[in-house]
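Only the coordinates and a few stated rules stand behind these numbers; no lab work does. Predicted model, so just to flag it, every value in this text is computed and none were measured. A quick note on method: Cβ atoms are made from the backbone with ideal geometry, for glycine too, and the neighbour counts reach across all protein chains shown.
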Amino acid sequence: MEQIIILSATISVLLFGLIGIIDGFYFHLWKFKLHKHSETRFEHWTHTIRAAAFLVLLYLLFLYDFGGVYLLIAVGIVFLDIIVLIIDLIAEGDSREKLGGLPHNEYIVHVIANALHYIALALILVAKPLQYWDINAPITIGRAFPEFTKMVAFNLMPGVALLLVFHILLLHPKAARMFDLLQQKIMTKNS
């Protein structure tokens with residue numbers, strides 16, 4: 001049963017990762033350029049924090065089967081992520097007002113992505129054996145963690161890291177201008 005729960009968590013995190021990377025690159029950076037507008041800059045910051053949290057959670061919960069203090073750190077990051085999501089949801093209404101609000105299709109993407117995100121996290125945490133939850137437990141206890149889970153995390157991490165780097169770089173006006181020029185060149189070439 002434990003392996004089925006881990007596999008379900010893995011499939012959920014894979015789907016979330018793919019949708020989240022598309023949402024982060026296409027909607028947030030490419031289409032709406034949330035980094036560029038003063039009213040959406042705070043939302044851009046919340047997305048940056050969540051991307052960093054997801055990268056760490058992939059490492060702590062999916063790439064390796066940690067217990068003890070590392071597991072408790074991961075749980076703390078999950079709670080931080082929930083708080084940042086709530087702040088993001090509260091801010092999103094105001095921040096997107098001048099852009100015409102949050103489009104219906106992006107709203108649907110957000111609902112599906114966040115559902116998959118928290119399903120994956122809940123399932124992977126439920127699959128942790130009881131002895132992993134002791135703060136004094138060894139960091140690794142040595143059960144056979146599925147190779148598929150490790151492979152998914154390993155392959156998602158570069159895309160999430162790249163998204164995070166883009167989010168951070170685009171906070172700087174010079175990098176944002178360079179990104180705009182690159183986007184214009186790409187759009188002109190494809191026209």
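Summary table
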{"item": "Residues Met157, Met187 arranged by fewest to most Cβ contacts within 10 Å", "result": "Met187, Met157"}
{"item": "For segment 5-73: rounded, prolate or oblate by the Cα gyration tensor [a/c cutoff 1.5]", "result": "oblate"}
{"item": "Length gained when the stretch Ala176-Ala144 is fully extended (0.36 nm per residue, less Cα-Cα span)", "result": "7.1 nm"}
{"item": "Percentage relative contact order, segment 2-190, counting C-alpha pairs under 8 Å, at least six apart", "result": "41"}
{"item": "Burial ordering of Lys128, Lys150, Lys174, fewest other beta-carbon atoms within 10 Å first", "result": "Lys174, Lys150, Lys128"}
{"item": "Difference of contour (0.36 nm per residue) and Cα-Cα distance, Trp30 to Ile4", "result": "5.7 nm"}
{"item": "Set of lysines near Lys150 by C-alpha distance (under 21 Å), chain-local residues within fewer than 8 positions excluded", "result": "Lys128"}
{"item": "Under 26 Å from Lys31, Cα to Cα: lysines that are on another chain or at least 8 residues apart", "result": "Lys98, Lys174, Lys185, Lys189"}
{"item": "Span-like helix ranges in the chain, DSSP H, alpha carbon extent 18 angstrom or more, Kyte mean at least 0.5", "result": "2-22, 68-95, 104-126, 147-169"}
{"item": "Residue exposure sequence - Ser38, Ser12, Ser191 - by fewest surrounding Cβ within 10 Å", "result": "Ser191, Ser38, Ser12"}
{"item": "Alpha-carbon Rg with Dmax, taken over segment 100-187, Å", "result": "19.5, 55"}
